[in-house]
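The values are calculated or read from the model by the stated rules, or taken from the named source; none is laboratory data. Because the structure is a prediction, the values reported are computed rather than measured. Don't worry about glycine lacking a Cβ; one is built from the backbone with ideal geometry, like all the others, and counts go over all protein chains shown. Just so you know, the surface numbers come from the protein's heavy atoms only, side chains and all, with ligands and any DNA or RNA stripped out. Shrake-Rupley method; radii C 1.70, N 1.55, O 1.52, S 1.80 Å.
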Amino acid sequence: MTAVDLILAIETSCDDTCAAVVTGAGEIRSNIISSQGVHDRYGGVVPEVASRHHLELATPVVDDALAQAGATLEDIDLVAVTAGPGLVGALLVGIATAKGIAAARGLPLAAVDHLQGHVAANFLQTENEEPLDPPFLCLIASGGHTFLARVEDHAGFTVLGQTLDDAAGEAIDKGARLLGLPFPGGPHLERLAAEGDPKAFDFPTSKNVTGLDFSFAGLKTALLYKVRDLGEEEAHARRADLAAAYQRAIVEQLAQRVQRALRDTGLERLAIGGGVAANGPLRERLSSLAPTVKIPPRTLCTDNAAMIASAARYTEAVAFPGYLDLEVHATGQRAL
């Protein structure tokens, strides 16, 4: 795409309303993430509720991103937005906001794939690390997706293995719920697990699944049965051990598949992304698996707009008015 100075990006694929200003060179000027914080009462994200909150938050979040970057809309050269995959209602709010901003000034618009955004988080400049350029192996693990990809260039990736059932993040949330922890489960499960013995229970890591694919459905069932067999009182007393062993099984399965992929591909550089990549034990476990390991800051692992801006640098932008009929997609454009 044509070189740009400043990109304004918007991300509303799930329940976080995000906006960022990023330079064409990948420097983050601002990265605002507004977590709605209302879905814990339901035990999961309610799409209609998420959409309504995006409507309320989109404009203030964009204003905050511009203000923090010391910029105005007059300074923006390109508008970028997540077009999918995600919750359709939530995506539509982001798309409508981006179209309005871009059309008002006749700016080009880049429609970005959310998963490409997670990969492209590794192309950003951060305070402590330089961008990681392809080729490399990338693990993306989030609430909706878990896959391993070979990244050969900045504009795309090739899926090498994927989950056969549930995503790692979903398994974490469901496991946390079984243990009586609030939503979202990741941070709560990690804190509880820190107090327990990860070897107290032997939960499965899907060793029978060959190749580079993942499976977490059996793990969730194993935790359900263990909690039932222990009984309510004993299960509550041993919650920390259950959490530690359950988290360990998820981390080990991810690490085992990464090790296989590094061996099979011969790649010597590894990057990670997605909300599960914010998990401390996983970050520690993966940090020594390859000669070069790129682990983005936690704010760039969970959903954010800076990663969307990063991907937009390598996405073909559409000139006004060509994007006015742009639609969203609930599932990925590539076959995962």
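For residue 27 and residue 197, what is the calculated FRET efficiency with R₀ set at 45 Å and r taken between the beta-carbons, to the nearest 0.05? Taking R0 as 45 Å, the efficiency between residue 27 and residue 197 is 0.55.
Computed from Cα positions, the angle between helix 239-265 and the longest principal axis of the chain comes to roughly 60 degrees.
The angle between the Cα long axis of helix 88-105 and the longest principal axis of the Cα atoms of the chain comes to about 20 degrees, rounded to the nearest 10. Helical content of the chain, expressed as a calculated mean residue ellipticity at 222 nm, amounts to -12000 deg cm²/dmol (DSSP H runs of 4 or more residues, -39,500 (n - 2.57) each, divided by residue number, nearest 500).
One way to sum up the overall shape of the range 158-206 is the equivalent ellipsoid from its Cα gyration tensor, whose semi-axes run 22, 15, 10 Å, largest first. Residues within the reach of a label modelled at residue 159 (point 7 angstrom out along Cα to beta-carbon, backbone nitrogen below 20 Å), restricted to the range 212-230, are 212-218. In the chain, the longest principal axis of the Cα atoms and the axis of helix 217-230 are about 40 degrees apart.
Here is the tail figure for the range 221-336: Cα pairs spaced more than 26 Å apart come to 46 percent of all pairs. Distance between the modelled labels on residue 314 and residue 127, one decimal in nanometres: 2.6 nm (7 Å Cα→Cβ projection). Solvent-accessible area assigned to carbon and sulfur over the chain amounts to 49 percent, based on a 1.4 Å probe. For the chain, the number of Lys pairs separated by eight or more positions or lying on different chains, with C-alpha atoms closer than 20 Å, is 7.
Accessible surface calculations at 1.4 Å, restricted to protein heavy atoms, place the range 180-226 at 54 Å² per residue. GNM on the chain, alpha-carbon springs under 10 angstrom: the most fluctuating residue among 51, 13, 34 is 34. Over the chain, Cα pairs under 8 Å with separation of 6+ residues give a relative contact order of 25 percent.
Just checking the listed ones, 23, 146, 210: in the Gaussian network model of the chain with Cα springs under 10 Å, the one fluctuating most is 210. Remark: the range 278-293, residue by residue, has Karplus-estimated 3J(HN,Hα) of 7, 5, x, x, 5, 4, 5, 5, 8, 5, 10, 7, 9, x, 10, 10 Hz, where x stands for each Gly or Pro and the curve is 6.51 cos²θ - 1.76 cosθ + 1.60 at θ = phi - 60°. Estimated at the nearest 10 Å², the accessible area of residue 45 is 50 Å² with a 1.4 Å probe. Between the beta carbons of residue 263 and residue 329, assuming R0 = 41 Å, the FRET efficiency works out to 0.75 to the nearest 0.05. Please list, in order, the residues from the range 94-111 whose amide nitrogen is less than 19 Å from a point placed 7 Å along the Cα→Cβ vector of residue 56. Only 94, 97 pass the distance filter.
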